[in-house]
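Participant: This is the structure I want to talk about, given as structure tokens.
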Amino acid sequence: SNGCETDTRASPSHCGMCGNACMVSGGNATCRAGACVVASCDTDGVSLAYTNTYDATLGRYQATTVTVSGIAAACASKALALTLKDSAGAVLGTGSVASISGTSAAVAIAAPGANANAVTGAAVVISG
């Protein structure tokens, strides 16, 4: 006996190995197939629409606002954080909304925005 006589594939206190507890701030975590999984308020994904503004100083278009739509009603009043990335995964710009109201949110990207031509990916995190 090693003190960890439990199924490490399903135990939130011993997920994947003994003593590896699934913990998350402000949410519920479970253990599935030995990996910690966080419950989501939006299970079918969201859509993004970009507002680009020409920046004469930089000589290019910058993504200045991203509208996140298709947000599930269960996510209402939670916080949303958005990160725009390039093809190498480097962060180009970020923005956030303190409290989602409705099923969409307009997220302002911190000045001067993100190079619109370089944006190839985005990460949306809803928490709270």
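The values are calculated or read from the model by the stated rules, or taken from the named source; none is laboratory data. From a predicted model like this one, the values you see are computed outputs, not experimental measurements. Note that each Cβ is placed from the backbone with ideal geometry, even for glycine, and that neighbours are counted across all protein chains shown.
Participant: Can you pull out every residue in segment 96-124 that is over 16 Å from SER69 (Cα atoms) and in contact (Cβ under 8 Å) with a residue 60 or more places away in the chain?
Facilitator: The answer is GLY113, ALA116, VAL119.
Participant: Any chance segment 37-58 includes a residue that's among the acidic types (Asp, Glu) and at pLDDT 90 or above? Before the answer, list the steps.
Facilitator: Pass one, segment 37-58, residues among the acidic types (Asp, Glu): 42, 44, 55.
Next, from what is left, pick out any that are at pLDDT 90 or above: 55.
Yes; the residues of segment 37-58 include at least one that is among the acidic types (Asp, Glu) and at pLDDT 90 or above.
Participant: Next question, about the same structure. If the requirement is being within 16 Å of SER127 (Cα to Cα), of a type outside the set (Lys, Arg) and modelled with pLDDT of 90 or more, which of these qualifies: ALA110, ALA81? Lay out the reasoning, then the answer.
Facilitator: Values: ALA110 fails: within 16 Å of SER127 (Cα to Cα).
Unique residue meeting the criteria: ALA81.
Participant: What number of residues within segment 82-128 satisfy the criterion of being surrounded by 14 or more Cβ atoms within 10 Å (Cβ to Cβ) and touching a Gly at 6+ places or on another chain (Cβ under 7 Å)?
Facilitator: 12
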